[in-house]
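The structure under discussion appears below in the form of structure tokens.
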Amino acid sequence: VRSLKRRLIAWLIGLLTVVGLGAGGVSYWLARNDANALLDEQLRQIASHVGAVRAAPAAPRPESEEARENDFVVQVWDAGGALRSVSRPGFALPRHRATGFSQGFIGHQPWRVYTLNEPGRTVQVSQWIEVRREIAASAAMRAMLSVIVLIPLAWVLVIVAIGRILRPLDAVTKAASQRGAADLDPLPVEALPTELVPLVRAMNELLARLRDAIDAQRDFLSDAAHALRTPLAALQLQLENLSASRDQDDLEARIGEMRRGLGRASRLVGQLLGMAHFEAEAAQDGRVGVALGAIAKDAIAGLIPLAEDRGIDLGMVRDEAAVVMAKPSDIRMLVDNLIDNAVRYTPSGGRVDVGVSQQDGEPAISVVDSGPGIAPELLPRVFDRFFRVAGQDIEGSGIGLSIVKAIAEREGARVELANRREGGLVATVTFSRAV
Ligand SMILES: Nc1ncnc2c1ncn2[C@@H]1O[C@H](COP(=O)(O)OP(=O)(O)OP(=O)(O)O)[C@@H](O)[C@H]1O
Ligand SMILES: [Mg+2]
């Protein structure tokens, strides 16, 4: 049974039943002992108060069968040992010697006997043990029953009480289940029992994280839409201009402009897709040992055409064995973005050097360029989504470094951007998870 409530009820009912039966048994035993003691006391008292029987035996009364069975039988002997009186005719239990209780037999019937030796006579009072048993048992039964009838009552109380105690749980469940998908406000904690507070707090923290994630998605979507609007509007304008063009040269120029605009837009879409893809994946999936050198070489090979186009000398200057536990596609996206930036922002004739190193057990990859670098006050901001340094004519969407930062966080790496004294930028990613 998975239900706590049912388990609680089952355990408590079982417990109460066992305890109730035990208590019934004990009260049965106590009541029977009490009854026996009482009957003995009666025997003793009768024996010491039968002074009147010293006279001749009274004429035997006509007795019903039942009365005879329940009666005490009194026998009196004189000092000489002659039976002087007996309350039931024909009753022939022998005289016991010592004063006190004993057991006698008539046939196979056991009798409880009290013998009292007095100066000049002996009084003996007897009672059939079967009768005593019945009296004691019925007294004991009554005592036990009064305890046992309480057991079902206790069950009812247990069920009612547990229902009441667990009611706050139902209340929380109801509060949570009545929520709409958009309502991510914390569940109320005030009226809750202490045991439930940590659970509901944890749920509230989860709700808060969910809300942050949804907010982030919404921001991303509206940022992306904004970013797309500009190049699309430009394209539209260029298209309209196209029909107004006079001669062949003008047409060529405008088509070239449009081509560049389309390139911008599709690059932006590519970056956005990369980001959306990256954000949708679960963080822990697909970690393997990744050789940084191999990834760097692949990335360089992919960017060589761009570098040649721009007149940049792109190459690998250091290639130490460095393996990290990470997602290969993540590392590739990170390295691609860093080298892409270096190649794009470095003016023609410059150089971009990529290096992979492992020092003190920390794998690192660095991209060094001979470009303009980034103004120190803007260094912290270039990682923001859609942030671009103003006044540059190189195309871009401002997403690249924010992807780099997000990947580094996910893979437990740190990214540092620094300006070189001789000009240019050094981007270094240092991993803590070496293999
Ligand atoms: N190597 C670099 N040298 C000089 N400036 C850089 C360099 N790398 C990045 N920057 C500056 O940081 C800004 C943000 O870079 P980021 O890669 O995030 O966006 P982007 O290159 O403009 O667009 P995207 O990479 O998404 O196409 C760039 O606009 C650029 O001004
Ligand atoms: Mg970039």
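Sort out which residues of the stretch 349-375 are polar (S, T, N, Q) and within 14 Å of ligand 1 (Cβ to nearest atom), and write them in order of number. Selection gives S366, S370. In the stretch 394-412, the residues that are touching a residue at least 40 places away in the same chain (Cβ under 8 Å) form Cβ pairs under 7 Å with partners that are away from ligand 1 (no atom under 11 Å from the Cβ) and among the basic types (K, R), at six or more places apart or across chains, as follows: A408/R414. Would you say G373 is touching a strand residue (DSSP E or B) at 6+ places or on another chain (Cβ under 6 Å) and of a type outside the set (F, W, Y)? So G373 passes the test. V368 meets the conditions (1) more than 12 Å from ligand 2 (Cβ to nearest atom); (2) in a loop (DSSP other than H, G, I, E, B); (3) aliphatic (A, V, I, L, M) in every case but one. The failed one is (2).
A count restricted to the stretch 416-435 and to residues that are assigned to a strand (DSSP E or B) and either of a type in the set (D, E) or within 30 Å of T230 (Cα to Cα) (or both) stands at 4.
Per the conditions (1) under 54 Å from the mean Cα position of the chain (by Cα); (2) under 26 Å from A408 (Cα atoms), the sole criterion not satisfied by L232 is (2). Give the number of residues within the stretch 84-117 that are surrounded by 13 or more Cβ atoms within 10 Å (Cβ to Cβ), modelled with pLDDT under 90 and either of a type in the set (K, R) or not in a loop (DSSP other than H, G, I, E, B) (or both). Going through the stretch 84-117 one residue at a time, the tally reaches 5. Look at (1) within 49 Å of the chain's Cα centre (by Cα); (2) within 12 Å of ligand 2 (Cβ to nearest atom); (3) modelled with pLDDT of 95 or more and you find that V343 fails only one, number (1). Suppose the filter is under 55 Å from the mean Cα position of the chain (by Cα) and farther than 24 Å from Q358 by Cα; does V269 pass it? Taking the combined requirement at face value, the residue satisfies it. I'd like to know if the stretch 393-412 contains one or more residues that are aliphatic (A, V, I, L, M), assigned to a loop (DSSP other than H, G, I, E, B) and within 12 Å of ligand 2 (Cβ to nearest atom). Taking every residue of the stretch 393-412 in turn, at least one turns out to be aliphatic (A, V, I, L, M), assigned to a loop (DSSP other than H, G, I, E, B) and within 12 Å of ligand 2 (Cβ to nearest atom).
For A364, the test of being within 47 Å of the chain's Cα centre (by Cα), within 18 Å of I312 (Cα to Cα), modelled with pLDDT of 95 or more and surrounded by 14 or more Cβ atoms within 10 Å (Cβ to Cβ) is failed. Just give me the residues in the stretch 376-408 being within 10 Å of ligand 1 (Cβ to nearest atom) and charged (D, E, K, R), in sequence order. Result: R381, D384, R385, R388, E395, K405. Select from the stretch 346-358 the residues that are farther than 15 Å from A291 by Cα and surrounded by fewer than 20 Cβ atoms within 10 Å (Cβ to Cβ) and write down the one among them that is nearest to ligand 2 (Cβ to nearest atom). Out of the qualifying residues, it is P347.
The values are calculated or read from the model by the stated rules, or taken from the named source; none is laboratory data. The structure displayed is predicted, hence computed values, not measured ones. Quick reminder, even Gly has a Cβ in these numbers, built from the backbone with ideal geometry, and neighbours come from all protein chains shown.
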